[in-house]
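A quick write-up on the structure given underneath.
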Amino acid sequence: MDSIKMDLDGRLKETINFQSEMLHYGLYTSGYKRIFQADIPWLWHDEFEFGTITGGSVAYQTSRRTITLHKGDGIFINSGVLHYLHPIEPFENARLQTQFFDRTFLAGAPGSLLDIRYVTPVQEMRQLDVIPFYRDDPESARFLDRMQEGVRLCLEKGEFFELRLRSLFSELWETIYRCAMQSRDASKGVRDVLEDGRIKQMILYI
């Protein structure tokens with residue numbers, strides 16, 4: 001399990017370096033005081049992200065809203081979403097565990113049946129920026145437990161762990177896909193894309 005190292009280009013895009021180029025999945029952890037001092041700056045990345053708060057509290061901010069998560073809570077961040085993280089005092093208590101993965105991990109080659117039918121519709125749904133999961137909600141708790149199963153598989157790296165990891169994330173993706181379909185609003189989505197782009201440009205200018 002690696003510590004997160006920030007690698008941003010001039011467009012605020014973060015490059016996610018997977019441990020293996022043949023398996024586009026990565027598990028990372030961070031302790032805010034040691035690595036980030038306080039905030040994680042505005043950034044975005046092509047990869048999807050599952051984050052879990054393993055200590056303290058963290059506020060996630062996008063161009064649309066702010067969500068505060070506490071130890072045990074988690075979040076899904078969609079591909080391309082501009083976001084900012086602010087640990088809540090005491091900063092040294094804040095801990096974050098992140099699982100990154102891309103569309104090929106879920107669906108194989110771009111343009112495949114699985115990609116077109118299940119992954120691309122979520123990725124292109126700009127109004128779906130994040131989905132929070134709260135430990136005190138029974139349904140969310142079940143999802144969070146399955147997310148932690150991914151962490152266990154990655155750490156143990158037992159026999160067939162790559163197959164089991166991909167199968168697990170296909171299961172998790174069903175929940176993400178259903179949430180995306182429930183929040184679908186094509187006209188609002190167009191405005192969100194434009195708004196997100198404007199904010200990225202404003203931050204770069206500042």
From Thr120, Thr52, Thr104, which residue is in contact with a Leu (Cβ under 8 Å, 6 or more places away or on another chain) and of a type in the set (Val, Ile, Thr)? Thr52
Given the conditions (1) assigned to a helix (DSSP H, G or I); (2) at pLDDT below 95; (3) open to solvent by less than 20 Å² (accessible area, probe 1.4 Å), and given that Glu92 satisfies all but one, which numbered condition is not satisfied? (3)
Within the stretch 61-98, residues aliphatic (A, V, I, L, M) and in contact (Cβ under 8 Å) with a residue 60 or more places away in the chain come out as Ile67, Leu69, Val81, Leu82, Ala94, Leu96
Only residues that are among the β-branched types (Val, Ile, Thr) and modelled with pLDDT under 85: list them for the stretch 15-36, please. Thr29, Ile35
When only residues in the stretch 48-60 that are open to solvent by 10 Å² or more (accessible area, probe 1.4 Å) and free of Cβ contacts under 8 Å to residues at least 40 places away in the same chain count, which is farthest from the chain's Cα centre (by Cα)? Gly56
Between residues in the stretch 144-173 that are closer than 19 Å to Phe48 by Cβ and residues that are among the polar types (S, T, N, Q) and in a helix (DSSP H, G or I), which pairs lie under 9 Å by C-beta distance while being six or more apart or on different chains? Arg146/Thr175
Specify which of the listed residues (Arg152, Arg126) is open to solvent by 40 Å² or more (accessible area, probe 1.4 Å), modelled with pLDDT under 95 and basic (Lys, Arg). Arg126
Which of (1) open to solvent by 40 Å² or more (accessible area, probe 1.4 Å); (2) in contact with a Ser or Thr (Cβ under 8 Å, 6 or more places away or on another chain); (3) not hydrophobic (A, V, I, L, M, F, W, C) is the odd one out, the single condition His45 does not satisfy? (1)
Within the stretch 95-120, residues being in a helix (DSSP H, G or I), more than 28 Å from Ser30 (Cβ to Cβ) and open to solvent by 40 Å² or more (accessible area, probe 1.4 Å) number 5
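The values are calculated or read from the model by the stated rules, or taken from the named source; none is laboratory data. Just so it is clear, the structure is predicted and the values come from calculations on it, not from any experiment. Neighbour counts run over all protein chains shown; Cβ positions are idealised from the backbone, glycine included. Please note that ligands, DNA and RNA were not included when accessible areas were found on the heavy atoms of the full protein model with its side chains. Shrake-Rupley method; radii C 1.70, N 1.55, O 1.52, S 1.80 Å.
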